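What follows is calculated from the coordinates using simple rules that are stated; it is not laboratory data. Given the structure is predicted, the values throughout are model-derived calculations rather than measurements. Cβ atoms come from the backbone with ideal geometry, glycine included; neighbour counts cover every protein chain shown.
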Amino acid sequence: MMHDRPLVVNEPEAMRFQVRRSTLMDPGILELERRRIFDVCWIYVGHESEVRAPGDFKTRIVCDRPVIFCRDGGNRVRVFLNTCRHRGSIVCREPEGNAKSHTCFYHGWSYNRDGELDGVPGQDAFPPSFRKSDFSLKEPPHVASYRGFVFLNFDPGAMPLEQYLAGAKEYIDLIVDQSPSGQMEVIQGVQDYDIRANWKLLTENSFDDYHLLSVHGSWLTYLRNSGVEMKRPERGHLLPGHGVGKVLGNGHGCTDNVNFRGRPVARWIPIYGEAARPEIERIRAELVARLGEERASRVADTNRNLLVFPNLFLNDGSSVTIRTYYPLAPDRMRVLAWALGPKEESPTARAVRLDSFLTFYGPGGFATPDDIEVLESLQSGLGTHREVPWMEVTRGMAKEGEQLNTDEPHLRGFWIQWDKLMRTPRNGE
């Protein structure tokens, strides 16, 4: 049952937007989120480059369900529910690999690359009506990809993926355009860690530029000491440079910033070292030749933190990071992150990319430890939600037109979609 009290107050004319703090504490809210958000939205599974050949697979947990993300015998990307059709045991217990078949270790039922049941020990003991063709591995109702990013949806009536992505497609395209062939690839290795905080706090934090100066001061000092030119704030911006916050539909949103810290497709900056200068200049020249000066500048000279609602971030900054996360409890989440780069990238450019992936976004980098400390402090502070029931999300509401990256239109867009779905009962509730 949904709470009788409103969880989100959205009154634009009164310049009022508040979120009830109990939404970040209540186990009942989390159970509703699992049914009304994660079971109806398109949820990220993985990138096509992670499974390249027939039989390649990765096992993951998506929406609390174990899945096999793989290529079948025809080299088609598939997602199977990782549960034996006999008694329900996990079928594939390896994290990744290549296999001709998967065999359940409980009773030995085996499934081929296409998910078909092809081996049943002692099959003659089953009734005459038993047919192996009736017991293939189950698949989610929908699996689809956009520009290499693979999603699933457990709602049989879900809208098509491209319609769901809405304005987020523009920003995914800006990422993929970094590759001359349009082929990006996930680089080997994953960051895997827990945060003792509600999953929605990481959503807010991941595209909240208001906190940069107060939380990441040590990183900004490092950049200055490395010789990076920090642009003077313009029109009262709190960030070095210029940026805006955008609402992209269906809960998606982003910050869209002028790049000041450099990255493997941008202009050279001192922290990359003098040896990287020719390579970065070569990459930029290729972008201009292929895309034209205007589009090349859009790709290389701006950076973005893109939310694909509800729990996927594409952080296209000093490197491209895919970050997804899901709730384990009201006050705990698991975070997974991968580095993404052009397939054609040279060893020099790849080294620069991975260095940035580790030193900024990594769990031991400049940014993430600061953010984890903030989020866990937030979660502790929310223990006062009975006495202090509301969070204020009104920054920028009084402005007309474009809002800054330090304002909160994109945060409000997330909460508006969250509230809409939480108010929509599913069949059987």
Principal axes first, then extents: for the Cα atoms of segment 18-122, list largest minus smallest coordinate on each axis, whole Å, largest first.
-> 57, 34, 20
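Per DSSP H run of n ≥ 4, the term is -39500 (n - 2.57); total these for the chain, divide by its residue number, and report the mean residue ellipticity at 222 nm rounded to 500 deg cm²/dmol. Please list the in-between numbers first.
Working: 11 runs with 103 residues, N = 429.
About -7000 deg cm²/dmol.
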For the chain, which cysteines have no disulfide-compatible partner, meaning no other cysteine Cβ under 4.7 Å?
-> 41, 63, 70, 92, 254
DSSP loop trypsin sites (Lys or Arg not before Pro) in segment 362-429 with at most 10 other Cβ atoms within 10 Å of their Cβ, which ones?
-> 386
List every residue whose amide H lies under 5 Å from the amide H of residue 403, counting only residues 5 or more places away in sequence or on a different chain, with H placed 1.01 Å from N in the peptide plane.
-> 245
In order over segment 69-81: 3J(HN,Hα) from phi, Karplus 6.51/-1.76/1.60, θ = phi - 60°, whole Hz, x for each Gly or Pro, gives 9, 7, 10, 8, x, x, 6, 8, 5, 10, 10, 10, 6
Convex hull volume of the chain per residue (C-alpha atoms, cubic angstrom) = 158 Å³
Cross-link partners among lysines for residue 399, C-alpha distance below 25 Å, same-chain residues fewer than 8 apart left out?
-> 231, 246, 420
Amide proton proximity set for residue 394, modelled H, under 5 Å, gap of 5+ = none
Quick one: Karplus J couplings for segment 376-381, per residue in order, coefficients 6.51, -1.76, 1.60, θ = phi - 60°, nearest Hz, x for Gly and Pro?
-> 5, 5, 4, 4, 5, x
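Only Cα pairs under 8 Å and at least 6 apart count here; give the relative contact order of the chain as a rounded whole percent.
Values: 825 pairs, mean separation 88.8, N = 429.
Relative contact order for the chain comes out at 21 percent.
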For segment 304-311, 3J(HN,Hα) per residue [Karplus equation, 6.51 cos²θ - 1.76 cosθ + 1.60, θ = phi - 60°, Hz, x = Gly/Pro] | 8, 10, 9, 9, 9, 4, x, 9
Relative contact order for segment 65-213, counting Cα pairs under 8 Å that sit 6 or more residues apart, in percent | 13 percent
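Largest first and in whole Å, give the semi-axes of segment 371-429's equivalent ellipsoid, each being the square root of 5 times a Cα gyration tensor eigenvalue. Kindly include the intermediate steps, with their values, before the conclusion.
Values: eigenvalues 111, 96, 28 Å².
Equivalent-ellipsoid dimensions as semi-axes: 24, 22, 12 Å.
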Please determine, in degrees from 0 to 90 and to the nearest 10, the orientation of helix 347-356 with respect to the longest principal axis defined by the Cα atoms of the chain, where the helix direction is its Cα long axis.
-> 80 degrees
In segment 1-87, trypsin sites (Lys or Arg not before Pro) in a DSSP loop with at most 15 other beta-carbon atoms within 10 Å = 52, 76, 87
Would you pull out the residues with amide H under 5 Å of residue 326's amide H, same chain only if 5 or more places away, H placed 1.01 Å from N?
-> 334
